[in-house]
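Visitor: Pasting a structure below so you can have a look.
Values quoted throughout were computed directly from the atomic coordinates according to the rules given, and no laboratory measurement underlies them. From a predicted model like this one, the values you see are computed outputs, not experimental measurements. Cβ atoms come from the backbone with ideal geometry, glycine included; neighbour counts cover every protein chain shown.
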Amino acid sequence: MNTFSQTQEEDVKAIITKAMTDQEAAWNKGDLEAFMIPYWKSDSLKFIGKNGITYGWQNTLDNYKKSYPDKATMGLLDFKILSIEEASPSTAIVVGKWHLKRDKSDKGDVGGYFTLVWRRTETHWVIVMDHTS
């Protein structure tokens with residue numbers, strides 16, 4: 001049973017949607033550090049991708065920098081949130097699609113799906129796990 005009131009649910013969805021919109025904007029400016037702001041700045045952050053599990057905020061940022069060394073490779077990011085569900089008063093699960101629009105000379109477009117686990121800390125919501133394919 002969900003313990004959030006309707007207003008709280010809308011607030012959580014609005015907070016997460018805004019954070020992800022800010023992430024898109026940061027990515028599209030080529031600013032990976034700003035893109036990483038919603039991620040839990042902890043060694044316990046989990047990022048699961050095609051190469052397995054990466055632990056930690058810094059390791060995740062370093063992997064992004066290796067995989068996307070310049071603005072052309074980064075392309076233009078577009079998120080489509082398919083659902084945001086509150087699993088508990090302090091946890092939300094987001095499922096969505098991502099797409100990078102890039103020139104053919106920069107490996108062309110790519111995309112896939114993601115599942116994000118968000119957790120409410122004492123001060124704000126953070127991504128504690130990201131599974132992207």
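Visitor: Give me a comma-separated list of calculated 3J(HN,Hα) values for the range 53-62, in order, Karplus coefficients 6.51, -1.76, 1.60 applied at θ = phi - 60°, integers in Hz, x for any Gly or Pro.
Guide: Values per residue, Gly and Pro as x: 9, 10, 9, x, 4, 5, 4, 5, 4, 4 Hz.
Visitor: Moving on to the next point. Apply the Karplus curve 6.51 cos²θ - 1.76 cosθ + 1.60, θ = phi - 60°, to the phi angles in the range 100-105 and return the couplings in whole Hz, x for Gly and Pro.
Guide: 10, 8, 9, 5, 4, 5
Visitor: Hey, another quick one. Express in nm, to one decimal, how much length is gained between residue 91 and residue 65 on full extension, taking 0.36 nm for each residue of separation and deducting their alpha carbon distance.
Guide: Between residue 91 and residue 65, full extension yields an extra 6.5 nm.
Visitor: Relative to the present Cα-Cα distance, how much length would full extension add between residue 50 and residue 11 at 0.36 nm per residue of separation?
Guide: Between residue 50 and residue 11, full extension yields an extra 10.8 nm.
Visitor: Under a point spin-label approximation (7 Å from Cα along Cα-to-Cβ), what is the residue 107-residue 121 distance to one decimal in nm?
Guide: Each label point is offset 7 Å from its Cα along the Cβ direction, giving 3.0 nm.
Visitor: I need the phi-derived Karplus couplings for the range 75-87: 6.51 cos²θ - 1.76 cosθ + 1.60, θ = phi - 60°, integer Hz, Gly and Pro marked x.
Guide: Ordered by residue, 3J(HN,Hα) equals x, 10, 8, 9, 9, 10, 7, 8, 7, 10, 10, 7, 7 Hz.
Visitor: Would you mind putting 52-62, 31-41 in packing order, based on average other-beta-carbon counts within 10 Å, highest first?
Guide: Descending mean neighbour count gives 31-41, 52-62.
Visitor: Kindly flag which residue pairs out of 46/101; 13/65; 13/46; 13/50; 41/107; 41/101 have an alpha-carbon separation exceeding 24 Å in this structure.
Guide: Pairs exceeding the cut-off: 46/101; 13/65; 13/50; 41/107; 41/101.
Visitor: Do any trypsin sites (Lys or Arg not before Pro) in the range 53-133 lie in a DSSP loop with no more than 12 other beta carbon atoms within 10 Å, and if so, which?
Guide: Those that pass, being in a loop and sparsely packed, are 107.
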